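Engineer: The structure's right below; bear with me while I get my questions together.
Only the coordinates and a few stated rules stand behind these numbers; no lab work does. These figures come from a predicted structure and were not determined experimentally. Note that we place each Cβ from the backbone using ideal geometry, even for glycine, and neighbour counts take in every protein chain shown.
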Amino acid sequence: MDALTERRLDLVLVAHAYPGINAFYMHPGLEPAIVFRGSTPEYGLAIRDDFTFHEELLDSETVVSHPAPIPLLRYHLGRLLHMVTVDSTSQAACDVADGRYNVAITNEEAAKQHHLKFVYKFSRIPMTWTVFARRND
């Protein structure tokens, strides 16, 4: 939001699942320019190539994730895991790639970027999005 209001960016794309989206709508200097529906990349549990994954590790490993996709665990694995949250799915993937954690909930784009592989694939998330612009008052 700061980069948009400070004119370092022209537009910002915000998913409606983002818990702070209300701040964009309430900001007097911003306005929604476009609203659309589109699916995210596929989500899943991802690991590094050098980490040996076994199903029973889900009982002891800490999984890193952005808060938004955590409900996928209940729907796709039927249970919750020990979690730590970060600011984005890309950060979660980076934390696994850097060895801070062994398992992340992330999407296929972040997994590719950080050279991770999925041990479980969940789904794409059909979602609505808003593109915000500065208000021309």
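Engineer: Loop-only trypsin sites (Lys or Arg not before Pro) in region 1-73, please: DSSP not H, G, I, E or B, and at most 13 other Cβ atoms within 10 Å.
Structural biologist: Within region 1-73, the qualifying trypsin sites (Lys or Arg not before Pro) (loop, at most 13 other Cβ atoms within 10 Å) are Arg7, Arg8.
Engineer: Moving on. Can you tell me the convex hull volume per residue for region 1-81, based on C-alpha atoms, in Å³ to the nearest whole number?
Structural biologist: Spread over its residues, the Cα hull of region 1-81 gives 149 Å³ apiece.
Engineer: Quick one: if you stick a label point 7 Å off each Cα along the C-beta vector at Gln113 and Thr62, how many nm between them?
Structural biologist: Roughly 2.3 nm, to one decimal.
Engineer: Computed over the Cα atoms of region 62-137, what is the ratio Rg over Rh, Rh following Kirkwood?
Structural biologist: 1.07
Engineer: Beyond 20 Å, how much of the Cα-Cα pair distribution for the chain remains, as a whole percent?
Structural biologist: Tail of P(r) above 20 Å: 50 percent of Cα pairs.
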